[in-house]
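Structure first, then comments.
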Amino acid sequence: MHRQSRQTSVALQGSSSCEETAFQDRYEVLRTIGRGGFAEVQVARHLLTGAEVAVKVLRKVKQNLLVLSEPNVMMSLEHPNVIQLFQVIETHEHIYMAMEYAGGGELLKHIPTGGMQEEEARRIFRQIAGAVGYCHKNGIVHQDLNAQNIMLDAQGNSKLIDFGLSMRVTAGQKLRRSWGTLAYLAPEIILHREYEGPPADVWSLGVILFYMLTGKCPFRDIFHWELARRIVEGRYHIPDSVPPLARRLIRRMLSANPMKRPTAEQILQHPWLREGEEASPHQSSEPLPKRPDPAIMAALLDLGYNPYKTWMSLTSGKFDDAAAAYLILQHQISQGAGCVFKEKPAQPRVGPHPCPTDLSDGSVLPRRSTSEPALHTFRLPNDHALLREAKHSGQKDLRRATMPLTDLRLLLARTLVLCIAPLPALASQKPKCTSRGPPKAWKPVAGRSATCFCQLCCCVPCGKKEGTPVTGEEKLDRGRIRVAPE
């Protein structure tokens, strides 16, 4: 595994040494889990938190111009059934998208030969339809919905992925692009007619539901031209094993007339999907809370991040180092997974060359004015040995795979104790760690930090600025047609 990680790192580096500085100083590549015509997907470890993430690597070449807008689309999406974006790093040759890692694999691999159980299919499809409806409500059409682009996490919940072909649309806007997987394409796309994006996505949802309940696609043939003709003519057969209510829903979604297809919101109100809705866990379609978690902010402060700048990165949609650390920790805690911290974030190994360009301000430790007190981070005893070793070897970065890890719960508890400690008179001496309590010189800074947390939690305006709108989608098309086989 370690050998593969090194080989992948070299392959990503290519002809530019900037790749290692911009990306590998923050993530350690573990393995490659997917390759496609536009990108490569890897599993990597976030060096600060130790969490595993999925990293999509987009090459900045002319052939990929259509999919390079994917980061901007994902920056504006926050839904429990849409894969979560943590960080975006851009270099001269690549765009790295660090995202939530759904370890359950593709939905396709969870569909048995005869189809899924009705209750399980209903639960998962309800989540998928909710995610698609959320995208449509925010003016985004996916345009490549299929069983491979839906993942399951460790809890068995669906996650919509791969927004490389998605685009922003307005109500009633007509499209002419013919992209996607042939077996899931709507007939109007195959006929090269003008079409609306949401009804085309609904057709793909109908194919997915058919696949989930029967274990096979409604339209199948060896030859692509024959498959396309079956889709246009609407020739398919629903087995008798499919429940009657689900059969009616599939027929409505696979209607040849786009105007007769239901919207995603209407699909969620269908009687078949409403069965057992009260007994199932409630899945909120609202974005994540727009107020900072004091425990996470306190832990990030202990690691050297400025709380105010961290929250400004989150609210302004920068997806930089500080925002990535917060979002990853928030996701890990919400999933109930164990998190570990590197004891102190190291300065990025960025030399004087300005080659990589992060889509954020790129700073991990913000500059401090002369009037502000220094924020000291308490190190573990074996950190001093690492400091001496780094001093002799000339290394500036102490963030390595062998660095000891600190349990997140212990770090949060220790940091919160510092924040709620009473304020003594300001001391000028350097703080010293004792076993009885926090250093006295640290308490004034901790008190000010606690006040800062309270202000953030109570006074920060709600709402998140959306990412940069996707522009130029239709110009990039220029009449090109690509129909990928199933």
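The values are calculated or read from the model by the stated rules, or taken from the named source; none is laboratory data. Quick caveat: nothing in here was measured; it's all calculated off a predicted structure. For neighbour counting, all protein chains shown are included, and Cβ atoms are generated from backbone atoms with ideal geometry for every residue, glycine included.
Here are a few things to note about the model shown:
- Residue identified as under 26 Å from Ala39 (Cα atoms), among the β-branched types (Val, Ile, Thr), in the same structural domain as Leu273 (by TED's automatic domain parsing) and part of a helix (DSSP H, G or I) among Val207, Val232: Val207
Listed here are the residues, each with its yes/no results for (1) assigned to a loop (DSSP other than H, G, I, E, B); (2) at pLDDT 50 or above; (3) not β-branched (Val, Ile, Thr).
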site	(1), (2), (3)
Lys309	no, yes, yes
Ala324	no, yes, yes
Leu329	no, yes, yes
Gly338	yes, yes, yes
Pro348	yes, no, yes
His353	yes, no, yes
Ser360	yes, no, yes
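- Residue selected from segment 147-177 under the condition of a type in the set (Ser, Thr, Tyr) and buried (at least 21 other Cβ atoms within 10 Å of the Cβ), by the criterion nearest to the chain's Cα centre (by Cα): Ser158
- Between Glu28, Glu40, the distinction of being under 16 Å from Glu90 (Cα atoms), part of a strand (DSSP E or B) and acidic (Asp, Glu) belongs to Glu40 only.
- Counting only residues that are surrounded by 22 or more Cβ atoms within 10 Å (Cβ to Cβ) and assigned to a loop (DSSP other than H, G, I, E, B), segment 111-142 holds 1 of them.
- Test: residue in segment 75-98 that is under 10 Å from the mean Cα position of the chain (by Cα), of a type in the set (Phe, Trp, Tyr) and buried (at least 20 other Cβ atoms within 10 Å of the Cβ): yes
Yes or no, residue by residue, for (1) at pLDDT below 95; (2) under 20 Å from Leu145 (Cβ atoms); (3) among the polar types (S, T, N, Q); (4) out of contact with any Leu (no Cβ under 7 Å at 6 or more places or on another chain):
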| position | (1), (2), (3), (4) |
| --- | --- |
| Leu47 | yes, no, no, yes |
| Val55 | no, no, no, yes |
| Gln63 | yes, no, yes, yes |
| Val67 | yes, yes, no, no |
| Glu90 | yes, no, no, no |
| Ala98 | no, no, no, yes |
| Ile111 | no, yes, no, yes |
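- Flag for Phe319 being touching a strand residue (DSSP E or B) at 6+ places or on another chain (Cβ under 8 Å), part of a loop (DSSP other than H, G, I, E, B) and modelled with pLDDT under 95: yes
- Test set (1) within 30 Å of the chain's Cα centre (by Cα); (2) basic (Lys, Arg); (3) at pLDDT 95 or above - Arg274 fails condition number: (3)
- Here Ala256 does not fit the description of being touching a residue at least 40 places away in the same chain (Cβ under 8 Å), part of a helix (DSSP H, G or I) and either farther than 20 Å from Leu165 by Cβ or in the same structural domain as Tyr134 (by TED's automatic domain parsing) (or both).
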